[in-house]
Structures are given as C-alpha cells and as structure tokens.
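A.B. asks: I have a structure I would like to understand better, so I am pasting it below and will then ask my questions one at a time.
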Amino acid sequence: MSLIRLLLFLLLTVVGAAFSFWSLIEHTHIQFGIKSLPLCNISEQISCGAVLGSEFAVLFGIPLGALGLFFYLGNFFAFLRRQKGDNSSAQGDLLLFVHSLSVLFSLYLLGISHLIIGTLCPICMGMYLVNILLFIILLTEEPIGSFLSRVTRGLTGIISITASFFVSSSESTSSKIIWWMPLGIILSAVVAFSVSPLLYIKANQSIRDSMVQEWLAQPTQEIPKNLTAGMLQDYFKGSSSAPVELVEFFDFQCPACQNYYFVLEDMAEQYGDDLLVVLKNYPLDSNCNPSVPSEFRSDSCFLALFSRCAGEQGRYFDVANFLMSLDTRELDQQGITARQAVMEESPRLNLDKTAMIECLEADRQREKIMADIELGNRLGLESTPTVWINQKKVSNIHPEVVKQILNHILGKSS
C-alpha cells in the first residue's frame, strides 16, 4: 500500500472512531433523556435520537458505537503493522475480508433505519460512508488475484490464525502476524468497551442533581384523586399511604404512553409500598377533549371509556394491559381502527356484554373522563404522557430521571 493510501486509511479510521465516540455520547444521553445537538436531529426523517435510542442500537447488550470504536481501533493497530511490511499481502487480504463484512453490516443497518425505524441517523451515515471508503481503498490497492480469491484468502487466514491458538504450527502462512492479533484485539477491546460505562457514569453524575433540583423548583399543584373503590375511582397501583405519589395523564392510542405504561408497571413493582401510581385519562381526541381542535386520535375517547367500563366489572387493568399492547401502527397499515380491533377482541376478554353496552351508552364514565381532561387542562398539560410526582410536574420523564427523583424523596442512593 502506498504512503498516500496508508495516510488516507489512517485518516478515515480516525474519523470513523470519532463518529463512533459521538454515537456513544448520543446513545448515553438518550438513556438519560438529555437532548441531542440540533445537528443530530434535523427532522423526523433525519434524527439520531430515533435510531440510537432504538433496540437496534445495541447488539448483545453492547452499544453499536462501542463496537464501532473497537473496529476502528483494530484498524489503527493493523495500520501500524502494515507500515512494518510484515506479511503485507496476507494482512491486506484479511482486512479486505473484514471490511467486506463491515460494508454488508452497514447496508443492513441502513436498511433497518430506513425501512423499519423510518429515520436516518447522520452519525450512523457518517460511519457507513467511512466503512465504504475504507473498503474501496483496500479493494483498489495492487491486488494479487480477484476480489473473490482475496476474500477467500482473508477468510482462510482468519481460520488459520484462530486454529493456531489451539494447535501450534510453525508452518502456518499467518505465523508472522499471529503474535500481534491477540494483543491488538485485547487493547482495542479494553479501550472501546470501557468508554461506554465511563460515559454512562459521567452522564449519570452530571444529571442526577440537576434533574432533582429542576423538579424541586417546580410549583406545587393540587391534583385531586379518588382512590375509594367504586365506579368513578381513579385506578392506581401501590399503597394509598405511600410516601411517593406519581400521577400520569395518558392516552391509550399514544405510542409513548403505551411504552411508558409498562415502565410504570415495573416501577410500581420495584418500589412496592413506597410508590403510589395513579392513572388519569387525557385522550387526544376531539370527540371528548375540547382542547384538541381537529381529529387526531379518533378512537382515544372510546378506548378510555371502554377501559373504565371494564373497571366497573373489576377488570380495568386486564383491559388496560390489552389496550396498551395494541400495535396501532400495524392496525393503521391493515386499515383497521382501534375501535374495530377492540370490539372484535371483546368476546375473548370475558366481559359482561350487557353491562358493557349499558356503561358505554351511559354518561357516568364519560363525565369522569371529561373531569380528568379538565384537570389536565388546568394543570397546563401539553402532551402525553405527562407525570407529576408529589404534585410537582416532572419535565423529563425518562425512567432513569424518575428513579432519581424517587430515590431522592425516599433517601435512597442511586
């Protein structure tokens, strides 16, 4: 490889490592609900947050940014060895094979972003471009043989190196590069995989006090609740005498509310008698919410009413779990409304049909839902889900932030 190619290879490796480090920072910030840089979230179609906060941003429990950093550090180590000129052809074939896989993996992740998440990540796109350029450099260097033969030799080299760890062979074609492979892998892994927890610890420490102080600075707002069992009660989990009271206003058709419902369910179980979680309806549906000027989620009012009518039969949380598990996006793609899906599934919920019809046609539960909406409006509610803890609004409802506040109130270490 010529000096210019080597320098370009090194430069791209450094750029790739920088993109990986940036993605790790953004991924960590997302975990704590810290806002990303404007450059990273341009629109709904171009957003780091949507991609790096998704389940696809982690592989085997390791953020892809850490894996990328490991990959580029390995490249840097290979660059240093190639300058020595030891077994340069064998190393070139091995690197070409590895970078062929990196390009395929980049294309796979690009497809996930575009087709499944529906958003492109600028940082990720930068890494994909770096991977392609590194592959082109290796592909176009003075090759010995066809691309297929070089990739095959690269695969054979990896197999030979791996086998040599178990069977000593001085005649191995890769013997000259075997000694530095474990060292390079170990050094790269130590550096790359220690960065993520260090960033996590730093972010945790930096926001712990600020989030609690921000919540403490909020004005106290009276939020009436009815925990007495009955038709018009507020449904809740936990102990009514708990030292911490969390009130959530939610909408059954809100995807974020669906996710958060199960987060709060786990939190209620984790904190036990120390936490009271109270649920209040705020459907973003003009059919019952005068604050919604136009049709938005046209079945939200019905779902809220259906759940409360099920509550009259002692089945509120059974039905709420079902409603929160509805995949509204999939239903939309199939041309099925949420109301249709619920009515179709209704017989399997084992509800008293006569009692449900009577309740849905009556006004009592509708009036309760309207009362929740009016309360939310008085409190200045702007979106769902919205949470108050001990009658103070929480501006950042990320689970880790909420736990920080809960632990502060309870005097527990985080």
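A.B. asks: Neighbouring Cβ atoms within 10 Å as the yardstick, rank LEU148, LEU227, LEU133 fewest first.
C.D. replies: Numbers: LEU148 8, LEU227 12, LEU133 17.
Ordered by Cβ neighbours within 10 Å, fewest first: LEU148, LEU227, LEU133.
A.B. asks: Using label points projected 7 Å from each Cα along Cα→Cβ, tell me how many nm separate VAL190 and PHE105, to one decimal.
C.D. replies: 2.2 nm
A.B. asks: Right, next: Pop the C-beta distance of ASN390 and ALA18 into the FRET formula with R0 = 56 Å and round what comes out to the nearest 0.05. Kindly include the intermediate steps, with their values, before the conclusion.
C.D. replies: Details: r = 43 Å, r/R0 = 0.77.
Once the sixth-power term is evaluated, E becomes 0.85.
A.B. asks: Given a cut-off of under 8 Å on Cα pairs at least six residues apart, what relative contact order in percent is computed for the stretch 266-414?
C.D. replies: Values: 98 pairs, mean separation 31.5, N = 149.
Relative contact order comes out at 21 percent.
A.B. asks: May I ask you to compute the full-extension gain from LEU148 to GLU345, defined as 0.36 nm times their residue separation minus their alpha-carbon distance, rounded to one decimal in nm?
C.D. replies: On the way: separation 197, 0.36 × 197 = 70.92 nm, distance 5.45 nm.
Roughly 65.5 nm would be gained on extension.
A.B. asks: Something else now. Just subtract the alpha-carbon distance of ASP266 and GLU400 from 0.36 nm times their residue separation and send over the number in nm, one decimal.
C.D. replies: Length gained between ASP266 and GLU400: 47.0 nm.
A.B. asks: Quick one: if the Förster radius is 45 Å, what FRET efficiency do VAL58 and GLN233 give, using the C-beta to C-beta distance and rounding to 0.05?
C.D. replies: Calculated transfer efficiency: 0.65.
A.B. asks: Would you grab the residues whose amide H sits under 5 Å from the one on ILE46? Only those 5+ places off in sequence or on another chain, please, with H modelled 1.01 Å from N.
C.D. replies: Amide H neighbours of ILE46: LEU120.
A.B. asks: Using the Karplus curve 6.51 cos²θ - 1.76 cosθ + 1.60 with θ = phi - 60°, work out ³J(HN,Hα) for each residue of the stretch 374-383 in order, rounded to whole Hz, and write x for Gly and Pro.
C.D. replies: 4, 5, x, 5, 5, 7, x, 5, 10, 7
A.B. asks: Subtracting the Cα-Cα distance from 0.36 nm times the residue separation, let me have the gained length for THR337 to GLU295 in nm, one decimal.
C.D. replies: Gain on extension, THR337 to GLU295, equals 13.7 nm.
Bear in mind that the values in this text are calculations on the coordinates, not laboratory data. Not measured: the values here are computed from a predicted model. Glycine also receives a Cβ, built like all others from the backbone with ideal geometry; neighbour counts cover every protein chain displayed.
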